[in-house]
Amino acid sequence: MITGSPSYIPESLMGRTLGKYQLLEIIGRGGMGVVFKVWDTLEERFKAIKMVPPEVASSPLAFEDLKREISMASSIIHPNVVKVLSLEAQDGQYFIVMEYIEGESLEKRMAQTEDRRLKEEEVIRVMKKAAEGIIEAHARQVLHRDLKPRNIMETASGEVKILDFGVSHRLGRSLTELTGKDFSGTWPYMAPEQLSNRFGRENQQVDIWAFGVTMYHLLAGE
């Protein structure tokens, strides 16, 4: 395990390297960390890396949970799921390496329409592909727990990819437990049992719930 205090990589390090990865641009930012587009100088291809928050990296229990979640997520090999490749460390910073996808999220696509919603035939086409990825993940006992339009992308060639299978959820739950601030999930898409244990334990149905809410959002614009 890398020793020392993990820290995020600031914008001033754009163009520099983290091990074999050259940091090119920030493509995502949120409570669970920063996501960079990087160039793998050994394999000579683009990838994405998500920084592990220092609170999680510094907690043995939370870090073990994250490693277990990444191991499960990396077992999903499906054309409609972004591949989680590895967990790596360099210079005291832990990061998750993922397949890089060039495309737009459904959230961004909705924002570009006049009424902030997509056509029915487009929603059906995209979500049928997303459902195939979810079925494969569930067959491997992996839950997403944070399905929403932002986490579903479509490439220019029409490929549909689900982002962050299990990974952001695990980071969010650990940050919530470690800091006391709520980072767990996106509440408008969360099933009742994610909001309170009065409704039973979380299982595959939480993704089915979020899938339905996402479809409604895409169709209705709200």
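The values are calculated or read from the model by the stated rules, or taken from the named source; none is laboratory data. These figures come from a predicted structure and were not determined experimentally. When we count neighbours, we look across all protein chains shown, and the Cβ atoms used for this are built from the backbone with ideal geometry, even at glycine. Note: areas computed on protein heavy atoms with side chains; ligands, DNA, RNA excluded. Shrake-Rupley method; radii C 1.70, N 1.55, O 1.52, S 1.80 Å.
Only a single item in (1) under 23 Å from residue 70 (Cβ atoms); (2) modelled with pLDDT under 90 is not met by residue 197, and it is number (1). For the stretch 108-128, residues that are in contact with a strand residue (DSSP E or B) (Cβ under 9 Å, 6 or more places away or on another chain) and either crowded, with 18+ Cβ neighbours inside 10 Å or not in a helix (DSSP H, G or I) (or both) total 4. Of note, residue 183 does not satisfy the criterion of being more than 19 Å from the chain's Cα centre (by Cα) and at pLDDT below 90.
For every residue, the table says whether it meets (1) touching a helix residue (DSSP H, G or I) at 6+ places or on another chain (Cβ under 8 Å); (2) open to solvent by less than 80 Å² (accessible area, probe 1.4 Å); (3) among the acidic types (Asp, Glu); (4) in a helix (DSSP H, G or I).
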residue	(1), (2), (3), (4)
48	no, yes, no, no
69	yes, yes, yes, yes
72	no, yes, no, yes
101	no, yes, no, no
